């Protein structure tokens, strides 16, 4: 076909590869309300997703060092107290990591954090810490090295 397009017959290899993204409503319940049950449900899906290679989408798993760099900074903020500036500085840190690893799950984690960080305030920062900690835990459970 012209312009490098390929012809695909209807029904031929059309099963979409599922990539999980939490809804805005779920993120609101997690960050603003601290819904622990929902944190477990969402983070188990995310942790499993980030811990595996997706050959269909050509996405490499998230390494432990990538996720731990972010988590270590979040833990430091938790000890030192909420600081909006430090929270906002997670954004360029994740953008840099995503730019270096365009074929990895770090890009999806960066997009997720772009949706989460604006929801975080001083009164719900602990919910954010719990959310990210759960992602790290389930990432490890599902084989993140």
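The values are calculated or read from the model by the stated rules, or taken from the named source; none is laboratory data. This structure is a prediction, so every number in the text was calculated from the model and none was measured. Cβ coordinates were reconstructed from backbone atoms using ideal geometry, including for glycine residues, and neighbour counts include every protein chain displayed.
Inspect all residues belonging to region 50-65 and state whether any of them is modelled with pLDDT under 90 and assigned to a helix (DSSP H, G or I). Looking through region 50-65, none of the residues is modelled with pLDDT under 90 and assigned to a helix (DSSP H, G or I). For region 20-32, name all the residues that are closer than 19 Å to residue 139 by Cα and in a loop (DSSP other than H, G, I, E, B). Residues satisfying the conditions are 20, 21, 22. Taken over region 84-114, the residue count meeting the criterion of being under 10 Å from the mean Cα position of the chain (by Cα), over 12 Å from residue 73 (Cβ atoms) and part of a helix (DSSP H, G or I) is 8. When residue 115 is tested against (1) buried (at least 17 other Cβ atoms within 10 Å of the Cβ); (2) in contact with a helix residue (DSSP H, G or I) (Cβ under 7 Å, 6 or more places away or on another chain); (3) over 12 Å from residue 50 (Cβ atoms), only condition (1) is not met.
Note on region 33-49: among residues that are free of Cβ contacts under 8 Å to residues at least 12 places away in the same chain and not in a loop (DSSP other than H, G, I, E, B), the one that is nearest to residue 126 (Cα to Cα) is 37. Check region 83-93 and report whether any residue there is within 21 Å of residue 59 (Cβ to Cβ) and surrounded by 15 or more Cβ atoms within 10 Å (Cβ to Cβ). Checking region 83-93: not a single residue is within 21 Å of residue 59 (Cβ to Cβ) and surrounded by 15 or more Cβ atoms within 10 Å (Cβ to Cβ).
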